[in-house]
Structures are given as C-alpha cells and as structure tokens.
1. Taking a ≥ b ≥ c as the square roots of the Cα gyration tensor eigenvalues, with a/c under 1.5 meaning rounded and otherwise prolate when a/b beats b/c, else oblate, which class fits region 66-139?
2. Under the 0.36 nm per residue contour assumption, what length would be gained going from the current alpha-carbon distance of Lys123 and Phe68 to full extension?
3. Provide the per-residue ³J(HN,Hα) series for region 113-124, in order, calculated from phi with Karplus coefficients 6.51, -1.76, 1.60 and θ = phi - 60°, each as a whole number of Hz, with x at glycine and proline positions.
4. Please name which of Val186, Thr228, Ser205 has its Cα lying farthest along the dipole of region 182-229 towards the positive end, using unit charges on Cβ (Lys, Arg +1; Asp, Glu -1) and the Cα centre as origin.
5. Residue by residue through region 55-70, which ³J(HN,Hα) values in whole Hz follow from phi under the Karplus form 6.51 cos²θ - 1.76 cosθ + 1.60 (θ = phi - 60°), with glycine and proline marked x?
6. Determine the order of Glu78, Glu90 by accessible area, beginning with the largest, at a probe radius of 1.4 Å.
7. Under the Karplus relation 6.51 cos²θ - 1.76 cosθ + 1.60, θ = phi - 60°, what is the ordered set of whole-Hz ³J(HN,Hα) values for region 135-145, x standing for Gly and Pro?
8. Please sort 129-142, 47-60 by packing, taking for each peptide the average over its residues of neighbouring beta carbons within 10 angstrom, highest first.
Amino acid sequence: MKLPNKGTHARLQRAYRYQVPSNTSDLPLEDPSGGRVSPVQDGPPPDMIAFGMKLFLASLTMIFGATFVAYGIFRWRERDDWESILDSRELMTLAAATVLLVVADIASMRALKKADTRAAASKLTLIGAIFASAYMVVQGISWVPLLSQVGERINGSIVGGTLKHAGGLFLMLTFAHAVHVFGGVVANVTVLLRSKDGKGPHRDSLRMLYAYWRFLTVMWVAVLVLLTV
C-alpha cells in the first residue's frame, strides 16, 4: 500500500484541525440510526447508575424481607398470647404517616416529570423532603407510648405482654423503615444542594430519587399489612 507523502499528511492534519473543534465535549454525537444524542458527559453512564440503584434496592428488599420473616416467626410462636397494640388512636397515626409518605412519593414522581423545568423540579424535591420529615415526626409520636414503658418493672421483671411481643415488633418494623426514610430525606437535600449552580436537579438524580421513594412506599404498605392482619 502506498503511504501518503509528507505534503499530503500535512494537508490532512490542517483539514482535521479545521473541522474538529478543540472542545469535543460540546459536540453532538451521531447514533447509528442517524439521530442526535446528547454530548459526552462526565461520570458513569446512566445504564450503570440505574444498575447500581437496582442492586441497592435489591439489598434493601432482602433486609426488609428478613425483618418480615422475623416478625412472622415471633407472631406465630406467641399466637396464643398475641395482643395487638393497634387501637383506634394508633391506626389514625399510621394512616396519617401513610398519607405523608404517599405525598412525598408523588412529589418525587412529579419532580421527575418536571425535570426540564429547573425551578419546579427543585420545589417538588423540597416538598418531598418536607413531607418525608413530617412522616418521621408522626412515626416518633407513635413510638412514645411504647418507649415510655421501657424500663418499667413489675415485681422485679421487665414489663412483658404487649410491649415484649407486639410492641417490640411494631418498633422494629417501623423504626427500620423510618431509618431508610431519613436516608431518602438526606438524598433529597443533597440533590438540592448540588443544584444550587442554577442548573436544577439532574434528571438522573431525580430518576433515582423517584425509584427510592416508590420502593419505600411499597415497603410501607407491606409493613401496614403485617401489622393489621
């Protein structure tokens, strides 16, 4: 094969410099179908981020699943002496917590749909964090009657019965969920702080938040079913 001479090589270099800008990150790329795709971005690709989120949610599913199994085993073993602690007041508290969590979930969904509108996406992300924080406060209120019994003794023995079984399991289930809700609030706030440059929350971040809050809502429904059946 005949190689180009020095003059031809120099002309090719000049033509390449003329046609290709130095900042190639701003260039739109061509896909095989002839359409336009987004410029190259820093960080891991969206597919890898989504895969990591799926692994994270799968691990949380196993954690909650183990908690549900433990609840079922304890309840079955104490089935003859089981006394539910869910009176009308406690049911109202759980209903209020459910409404707050659903609103946080809806806010994350709306924020993803409004990802192209920076101000709206940021506002909805903040609303989600506020309602999720209110959820944790309501859950804390539901724990007060049970926690007030801890340490009480009757004839030298720690109070058993409802607190020992149903109450303890109620605390275990709701506290495990509330801890992950707190993690979601931290994630919302982190996304908001990173979007202070005026660009608004990134669509990929909003997509991850939506997946997380939808997962927590589904898990909360499962907790409610376990506590009320």
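The values are calculated or read from the model by the stated rules, or taken from the named source; none is laboratory data. Keep in mind that this is a model prediction, so the values were computed, not measured. Every residue, glycine among them, receives a Cβ derived from its backbone with ideal geometry; neighbour counts consider all protein chains shown. We work out accessible area using only protein heavy atoms, side chains counted, and drop any ligands, DNA or RNA first. Shrake-Rupley method; radii C 1.70, N 1.55, O 1.52, S 1.80 Å.
1. Numbers: a/c = 4.69, a/b = 2.51, b/c = 1.86.
Since a/c reaches 1.5 and a/b is larger than b/c, the shape of region 66-139 is classed as prolate.
2. Details: separation 55, 0.36 × 55 = 19.80 nm, distance 3.51 nm.
Using 0.36 nm per residue and subtracting the Cα-Cα distance, I get 16.3 nm.
3. Those phi angles translate into 5, 9, 4, 6, 10, 4, 5, 5, 5, 5, 5, 5 Hz.
4. After comparing all options, I get Ser205.
5. Listing the rounded values in order: 5, 5, 5, 5, 5, 5, 4, 5, 5, 5, x, 5, 5, 5, 5, 4 Hz.
6. Values: Glu78 50, Glu90 25 Å².
I get Glu78, Glu90, largest accessible area first.
7. In residue order, the calculated couplings are 4, 5, 5, 4, 4, x, 5, 5, 7, 4, x Hz.
8. Values: 129-142: 18.1, 47-60: 12.6.
Top to bottom by mean Cβ count within 10 Å: 129-142, 47-60.
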